[in-house]
Amino acid sequence: MQKIAAIEIKNLAVGLPELMKYGEGKEMKTAIRKKNIERVFLSKDKFHGDDVADLKHHGGPDRAVCIYPYEHYALWEKEFGKPLPTAAFGENVTATNMIEDTVFIGDIYRLGDALIQITQGRVPCHTIDRNLELTPLMKVMVKTGFTGYMCRVLEEGHVSAESTIELIEQHLQKVSVLYTNQVYFHEPRNIEGIQRILAVPELADEWRGKFEIRLNNLLKKS
């Protein structure tokens with residue numbers, strides 16, 4: 001296996017829930033507006049100084065770190081004709097050379113002093129549209145599968161904006177984030193695809209549960 005060396009961190013950010021105003025006089029509590037940071041400690045649950053407002057759909061050990069590919073910024077800016085701020089998608093790490101089709105569930109990366117493992121694709125929500133005022137960005141992210149992804153922390157440690165990300169171990173089954181997104185969002189009846197994804201032990205527990213329910217229902221009907 002050829003290692004990917006010196007993947008660049010373009011931005012490192014954390015944030016706590018706060019009230020965000022959007023639309024015409026509407027507001028909601030969210031942690032999507034993260035602030036750039038130079039150095040931070042990454043624990044098993046999250047970065048210090050980082051949190052989520054919606055505990056049902058965000059956070060937890062399988063979703064301790066959110067990464068978004070830097071290359072997509074140019075795509076969305078061209079698509080919507082508007083410059084994007086840093087950490088526009090509420091991600092902790094904006095990184096180069098980590099596109100969804102080359103990152104696999106179960107891959108292990110060295111992130112600064114910490115060790116992380118890819119667990120699932122990110123599930124975008126309307127908070128992204130509300131924050132950036134770019135409806136229907138969320139729907140286009142889902143359509144393309146360019147959602148970013150989540151990670152668990154295998155080893156805690158400090159991470160800085162100057163750190164590099166190094167691929168330590170590529171998962172042998174090579175089930176990409178893009179493939180899991182395709183099946184998750186667009187192919188609910190793809191029995192073979194669901195079985196292939198479920199065969200990866202490192203898949204996030206929540207996604208495993210959802211795929212298992214889908215598979216059981218499909219097998220009952222077949």
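The values are calculated or read from the model by the stated rules, or taken from the named source; none is laboratory data. Being a predicted model, the structure only gives us computed values, none of them experimental. Because the Cβ atoms are built from the backbone with ideal geometry, glycine has one as well, and the counts that use them run over all protein chains shown.
Quick look at the numbers
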quantity: The range 112-133: number of residues that are in a strand (DSSP E or B) and touching a helix residue (DSSP H, G or I) at 6+ places or on another chain (Cβ under 7 Å); calculated: 4
quantity: Some residue of the range 131-151 being over 30 Å from MET28 (Cα atoms) and in contact with a Lys or Arg (Cβ under 6 Å, 6 or more places away or on another chain); calculated: no
quantity: From the options ARG110, ARG122, ARG189, residue that is touching a strand residue (DSSP E or B) at 6+ places or on another chain (Cβ under 7 Å), surrounded by fewer than 21 Cβ atoms within 10 Å (Cβ to Cβ) and either in contact (Cβ under 8 Å) with a residue 24 or more places away in the chain or acidic (Asp, Glu) (or both); calculated: ARG110
quantity: Flag for PRO17 being over 18 Å from GLN120 (Cα atoms), in contact with a helix residue (DSSP H, G or I) (Cβ under 7 Å, 6 or more places away or on another chain) and free of Cβ contacts under 8 Å to residues at least 40 places away in the same chain; calculated: no
quantity: Filter pass, THR144 being modelled with pLDDT under 95 and under 22 Å from TYR70 (Cα atoms); calculated: no
quantity: Scope the range 134-146; condition outside any helix (DSSP H, G or I) and under 13 Å from the mean Cα position of the chain (by Cα); matching residues; calculated: GLY145, PHE146
quantity: Single residue of the range 147-167 satisfying the filter (in contact with a helix residue (DSSP H, G or I) (Cβ under 6 Å, 6 or more places away or on another chain) and not in a loop (DSSP other than H, G, I, E, B)) that is surrounded by the fewest Cβ atoms within 10 Å (Cβ to Cβ); calculated: ARG152
quantity: Single condition PHE89 does not satisfy, out of (1) touching a Pro at 6+ places or on another chain (Cβ under 9 Å); (2) surrounded by fewer than 24 Cβ atoms within 10 Å (Cβ to Cβ); (3) not aliphatic (A, V, I, L, M); calculated: (2)
quantity: Selection within the range 1-32 - among the basic types (Lys, Arg) and over 18 Å from ALA95 (Cα atoms); calculated: LYS21, LYS26, LYS29
quantity: Extreme residue, surrounded by the most Cβ atoms within 10 Å (Cβ to Cβ), among residues of the range 4-49 that are more than 19 Å from THR135 (Cα to Cα) and acidic (Asp, Glu); calculated: ASP45
quantity: Filter result (farther than 22 Å from SER43 by Cβ and hydroxyl-bearing (Ser, Thr, Tyr)) within the range 153-176; calculated: SER176
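Condition check ((1) in a helix (DSSP H, G or I); (2) hydrophobic (A, V, I, L, M, F, W, C); (3) closer than 23 Å to LYS21 by Cβ) across all residues:
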site: TYR73; (1), (2), (3): yes, no, no
site: GLU79; (1), (2), (3): yes, no, no
site: LEU84; (1), (2), (3): no, yes, yes
site: ALA87; (1), (2), (3): no, yes, yes
site: GLU91; (1), (2), (3): no, no, yes
site: ASN97; (1), (2), (3): no, no, no
site: ARG110; (1), (2), (3): no, no, no
